[in-house]
Amino acid sequence: MIDFTKIIANYKLELFVKEISVLENQDAPKDLTFTFFADGYPGIVYLQSEKAFLLPREKELTAFFLYGQMIAPYELSIRAPYLMIAFQLYPFAAKLLFDVNPKKLNDDCADLSKIKAAAIENPLEALTTSSAISLKVEIIAKFLSELARKKGLEEYLEIQQAIQIIFDHKGKIAVNKLARDLNTTERTLRRKFNDCIGISPKKFAKIIQFQTSLMQISTGGFSKLTDVVYENGYADQSHFIRNIKKFTGKKPLQLKKPK
């Protein structure tokens, strides 16, 4: 069993990496489809598969890629057998580590297989030749750690604080209050979010509010749908349903997992 929390700590990645996950399937060749919804986090993925596509863009995925804020519902079509190692990054980390324009990554991904950073070797060859999954995870962690050491953090501290406040409020906070709490202006806050994350603070808060609601719906943690509506700060049920459909394309009760 790989201790992902320990790896994140050992490589001093706590400020950049939220979590690490590994998905593996050794079945006979077949096409599989996974559906995902907005969650507020970008990430990097190492993928071993005969073929894989990001849908509905029908974009073929490379072995090593960076994905941005996925706002619309999307699917990954992957040919088994496959191995997928994902590092879920904190919202500002894609911009900080890879110096990309996060807006251009919204609902999209970028090939990292040819990325060149000063004095840092691209890890793809080592990832391809290493057989142990644990070693592959450490190779990616080391790569991110080396990138992080070469970056300054000062300009990202306010964004990090803002993100944490939004998390603490489960997305239920107005931008004007968020700006006051940070002793800054709404305009400055919007600019920093757009520059560092690729979306506005209002949209980011809505994604976190949606994710909190989705968790409650999918686990059946409610007796009436109106409980979810008002607990998560929606004005009324119709507003709530529109918001859920915007991010998933489905009505709330269609997302409830069967018992």
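Say the cut-off is 31 Å between C-alpha atoms; which of Lys95/Lys256; Lys104/Lys151; Lys150/Lys206 go over it?
Lys95/Lys256; Lys150/Lys206
Give, in nm to one decimal, the length gained when the segment between Leu83 and Asp227 is fully stretched (0.36 nm per residue of separation minus the Cα-Cα distance).
So the chain would gain 47.9 nm between Leu83 and Asp227.
Kindly provide the pair-distance distribution of the stretch 4-149 built from C-alpha pairs, with 10 Å bins from 0 and whole-percent values in order of increasing distance.
Computed distribution, short to long bins: 11, 43, 37, 8, 0.
Where a ≥ b ≥ c are the square roots of the eigenvalues of the C-alpha gyration tensor, would you call the stretch 1-83 rounded, which needs a/c under 1.5, or, failing that, prolate if a/b is larger than b/c, or oblate?
The shape class here is oblate.
Taking θ = phi - 60°, what integer Hz values does the Karplus form 6.51 cos²θ - 1.76 cosθ + 1.60 yield along the stretch 19-35, in sequence order, with x for Gly and Pro?
So the J values, rounded to whole Hz, are 7, 10, 9, 10, 10, 9, 9, 10, 5, 4, x, 6, 8, 10, 10, 10, 9.
Where does the charge balance sit around Asn176 when Lys and Arg score +1, Asp and Glu -1, over other residues with C-beta under 12 Å from its C-beta?
Residues near Asn176 contribute +3 overall.
How big is the chain on each of its three principal axes, counting only the C-alpha atoms and giving the largest first in Å?
54, 46, 33
Sort Ser21, Ser223 by Cβ crowding within 10 Å, fewest neighbours at the top.
Listed from fewest to most nearby Cβ atoms, that is Ser223, Ser21.
Throughout, read-outs are computed from the coordinates displayed, never taken from laboratory work. Not measured: the values here are computed from a predicted model. Neighbour counts are summed over all protein chains in view; Cβ atoms, including those assigned to glycine, are modelled from backbone coordinates with ideal geometry.
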